[in-house]
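Notes follow the structure.
The values are calculated or read from the model by the stated rules, or taken from the named source; none is laboratory data. Values in this document were obtained by computation on a predicted structure and should not be read as measured data. Here Cβ is always computed from backbone atoms with ideal geometry, including for glycine, and neighbour counts include all displayed protein chains. For accessibility, only protein heavy atoms count, side chains too; no ligands or nucleic acids. Shrake-Rupley method; radii C 1.70, N 1.55, O 1.52, S 1.80 Å.
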Amino acid sequence: MRFTLTHTTHYRYGHPVGLQPHTLRLRPRSDAAQKLCMFQQNITPVPDYQAEAVDLGGDTTTRIAFGSDQLRELQIKVHSQVETYRTNPFDYRSEPWAIEFPLDYPTLLAARLQPYWLSPLSAPVDSSVVSLAHQIQQETRHSVGYFLTALTQRIYESCAYETRETGQPYPAGLTWSQKKGSCRDFAVLFMAACRVVGLAARFVSGYQAGDRDQAERDLHAWAEVYIPGGGWRGFDPTLGLAVSDRHIALASGCHPLQAAPVSGTLKQGDIDTTMTTEIQLRYSDDPAA
């Protein structure tokens with residue numbers, strides 16, 4: 001599929017402020033599942049410093065800084081075109097030792113995946129999430145593939161979606177006990193359950209196609225699991241499906257903060273700030289369109 005995107009983020013401050021350096025993660029990634037065909041990023045006012053870098057996860061970031069302490073607003077507008085290719089999210093063969101639990105990872109692979117087994121901010125996993133993971137593991141007879149699809153469906157069928165535009169994801173145990181949350185809450189819950197049974201998982205921010213005539217768009221969040229033999233594969237518990245060619249990934253990380261589209265602070269601390277976002281998204285099933 002071919003996507004055309006315009007994403008505008010606008011911050012307005014109660015009085016002139018200074019900004020600490022900010023990190024932008026608004027460039028769609030290019031990998032085996034998607035290709036970035038065009039990207040343009042406009043920042044107003046123009047930063048005194050701007051440079052691109054590749055983070056630990058391989059995503060391209062933009063680092064910006066301002067010398068003035070008299071900013072009343074900051075606007076970041078991105079135009080991009082992306083082609084997605086993964087029509088079949090299950091087009092892989094797992095390593096023979098990774099088909100069923102428990103997984104016996106080779107030493108070098110285990111060392112590289114270690115950060116993705118840690119709970120968010122190293123907090124203990126709630127006992128209810130541990131029970132959820134072990135229950136599904138038993139129900140699926142220790143099959144890794146069936147576990148992932150069953151967990152995706154269980155969260156989708158058991159929890160009600162609610163819009164929550166700002167704020168960090170809730171702890172996994174709270175989301176599961178309340179049986180409701182936003183897409184980022186469901187992603188964190190999914191990650192926590194995967195980590196309980198020894199599957200490396202990471203948080204992903206990006207976009208989802210939705211309905212073609214949908215007027216309002218929002219950022220989306222889901223999870224990716226490292227499947228030996230299949231690499232990083234996406235699962236979206238908000239929609240109850242494995243990720244194919246209708247998702248566009250921006251950034252990922254072992255913790256949601258590492259995938260935030262914009263991160264940074266004010267020099268003066270807590271000041272009245274309003275943020276508005278507008279996302280325009282068009283797509284075609286024909287990549288040549």
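Going by the conditions given, is Leu26 in contact (Cβ under 8 Å) with a residue 24 or more places away in the chain, of a type in the set (A, V, I, L, M) and either open to solvent by 30 Å² or more (accessible area, probe 1.4 Å) or part of a strand (DSSP E or B) (or both)? Against the criterion (in contact (Cβ under 8 Å) with a residue 24 or more places away in the chain, of a type in the set (A, V, I, L, M) and either open to solvent by 30 Å² or more (accessible area, probe 1.4 Å) or part of a strand (DSSP E or B) (or both)), Leu26 does not qualify.
One residue stands out in region 181-223 among those that are open to solvent by 20 Å² or more (accessible area, probe 1.4 Å) and among the polar types (S, T, N, Q): the one that is farthest from Pro28 (Cα to Cα), namely Gln214. For region 234-241, the criterion of a residue being surrounded by fewer than 23 Cβ atoms within 10 Å (Cβ to Cβ) and touching a Leu at 6+ places or on another chain (Cβ under 9 Å) is satisfied by no position.
Residue-by-condition table, conditions (1) within 30 Å of Gly14 (Cα to Cα); (2) at pLDDT below 95; (3) surrounded by 13 or more Cβ atoms within 10 Å (Cβ to Cβ):
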| position | (1), (2), (3) |
| --- | --- |
| Ser68 | yes, yes, no |
| Gln81 | no, no, yes |
| Thr84 | no, no, yes |
| Pro89 | no, no, yes |
| Arg93 | no, no, no |
| Pro96 | no, no, no |
| Pro102 | no, no, no |
| Leu113 | no, no, yes |
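Looking only at region 149-165, residues that are open to solvent by 70 Å² or more (accessible area, probe 1.4 Å) and either closer than 12 Å to Phe190 by Cα or in contact with a helix residue (DSSP H, G or I) (Cβ under 6 Å, 6 or more places away or on another chain) (or both) come to 1 in all.
Within region 12-22, the set of residues being open to solvent by 40 Å² or more (accessible area, probe 1.4 Å) and in a strand (DSSP E or B) comprises Arg12, Gly14, His15, Pro16.
Can you work out which of the residues in region 242-287 that are in a helix (DSSP H, G or I) and open to solvent by 70 Å² or more (accessible area, probe 1.4 Å) is farthest from Ser182 (Cα to Cα)?
Step one: of region 242-287, the residues in a helix (DSSP H, G or I) are 256-259.
If we keep only those that are open to solvent by 70 Å² or more (accessible area, probe 1.4 Å) as well, we get 257-258.
On the way: Leu257: 16, Gln258: 18 Å.
Out of the qualifying residues, it is Gln258.
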